[in-house]
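What follows is a set of notes on a single structure, which appears directly below.
The values are calculated or read from the model by the stated rules, or taken from the named source; none is laboratory data. On a predicted model such as this, the values are computed, not experimentally measured, just so you know. All Cβ positions, glycine included, derive from the backbone under ideal geometry; neighbour counts span all protein chains shown. What goes into the accessible areas is simple: the full protein's heavy atoms, side chains included, and nothing from ligands, DNA or RNA. Shrake-Rupley method; radii C 1.70, N 1.55, O 1.52, S 1.80 Å.
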Amino acid sequence: MLEGPVLGVETSCDETAAAVVCGMELRSNVVASQADLHHRYGGVVPELASRRHVERLVPVVDEALERAGLDVPDLAGIAVTCGPGLVGALSVGVAFAKGLSLASGKPLVGVNHLEGHIYANVLVHGPFPVPALALVVSGAHTDLLWIPEYGRYRVLGRTRDDAAGEAFDKAARAMGLGYPGGPAIDRLSQRGDAARVPMPEPLASEDGYDFSFSGLKTAVLRAVRSTPPPDVADLAAAFQHAVVSHLVRRTVRAAEAFRPACLLVGGGVAANRALRDRLETEAQRLGVPLFVPPPWLCTDNAAMIACTGAFRLARGERAGPDLGAWADLPLDGASG
Ligand code: KG4
Ligand code: ZN
């Protein structure tokens, strides 16, 4: 990992974020959420997200550097999310980072957002043992990954329809809870009784590692429209229990089959209390060390991008002025 300070820039979705990481030490972490902007639409509006990134990115980077007590000449490198995500939103960060790199002569590296979610763990727990099994659960992705060595990924399973976070957001909207839905359902579930509302078990008869959440979303819609509708806290608890059970069951089966040296979890849904608790219990039962970042490092941030970038820069990776932004950027195609 690179010794000097690395600036991370993240604009893949609806958080404008910048952070400085030095070695494994987090020097600053600034996240300007756009949740207020997108709340009334019940989801992220891509064009609005891009424009807000344009307005906020420079002040956010300035603040990250200031809080770290550094200026651009002090940096050892710059890391920017180049995919996957909303292509317009990503382009704002990539164009900015390329400009800063060109103007300052500091080395630049493009970072895969999903690898960033995994590396958030390195910031708090240090380097992880390999081979590792990783569950990435975010607003747009639900991937179960095999990591035979640092920087190499094999997709064991992924969602066939909605991502886990997307399912939380859609179910919350159906329940009238607003955006983002995950935290709202997480909170409301605490006073609900999951047993009061039946939920289907996704892909119950299939042995693979894929996920599916659209059936649970439909079950929530059907419940909301039934007469009388169930208590909303009970419905939230039932939905959350079904999502968490599905995620945990698949992950446990992969852990039993592949026997990883550790289990890594990341992405916004990893902030979910019930998911964290269930994984903790299962990991203990299996005797596998579990690494999950604290909730504030699970949701989108630039610290994880800076940390991943520091690793890749140390390995000599460099991006040039031709660095692009990719809506789809497969992790298993990432160079190792
Ligand atoms: O990783 P992330 O911040 O952004 C993407 O890369 O997509 O994930 C955002 C997702 C949203 O769908 C949000 O509802 C969900 O993470 N989320 C949660 C919780 N906090 C955020 N889902 C369940 N429980 C939570 N506590
Ligand atoms: Zn994310």
ask   = If you line up the Cα atoms of the range 130-288 on their principal axes, what length do they span on each, largest first, in Å?
value = 52, 30, 28
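Under a point-charge model restricted to the Cβ atoms of Lys and Arg (+1) and Asp and Glu (-1), what is the dipole moment magnitude of the range 130-288 relative to its Cα centre, in debye to the nearest 20? Show your work: numbers first, answer last.
Details: 20 positive and 18 negative charges, 21 e Å.
My answer is approximately 100 debye.
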key: For the chain, fraction of C-alpha pairs farther apart than 38 Å, in %   = 14 percent
remark   = Expected field for Phe311, accessible surface area in Å² at 1.4 Å probe radius, rounded to 10, holds 40 Å²
request  = Give me Rg over Rh for the range 71-191, both radii from the alpha carbons and Rh done the Kirkwood way, two decimal places.
outcome  = 1.05
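Calculate, for the range 130-288, the solvent-accessible area per residue in square angstrom, rolling a 1.4 angstrom probe over the heavy atoms of the protein chains. The partial results should precede the final answer.
Values: 6780 Å² over 159 residues.
That works out to 43 Å² for each residue.
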As computed over the range 64-112, the Cα convex hull volume per residue (Å³) = 77 Å³
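Report the per residue volume, in Å³, of the convex hull enclosing the C-alpha atoms of the range 1-156.
Values: hull volume 17.4 nm³, N = 156.
Once divided by residue count, the hull of the range 1-156 is 112 Å³.
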request  = On each of the three principal axes of the Cα atoms of the range 221-331, give max minus min coordinate, whole Å, ordered largest first.
outcome  = 60, 36, 24
inquiry  = I'd like the carbon and sulfur percentage of the solvent accessible area for the range 130-288, probe radius 1.4 Å, heavy atoms only, ligands and nucleic acids excluded.
reply    = 49 percent
remark   = Between Trp326 and His125, the two model label points (7 Å from Cα along the beta-carbon direction) sit apart by a distance in nm of 2.7 nm
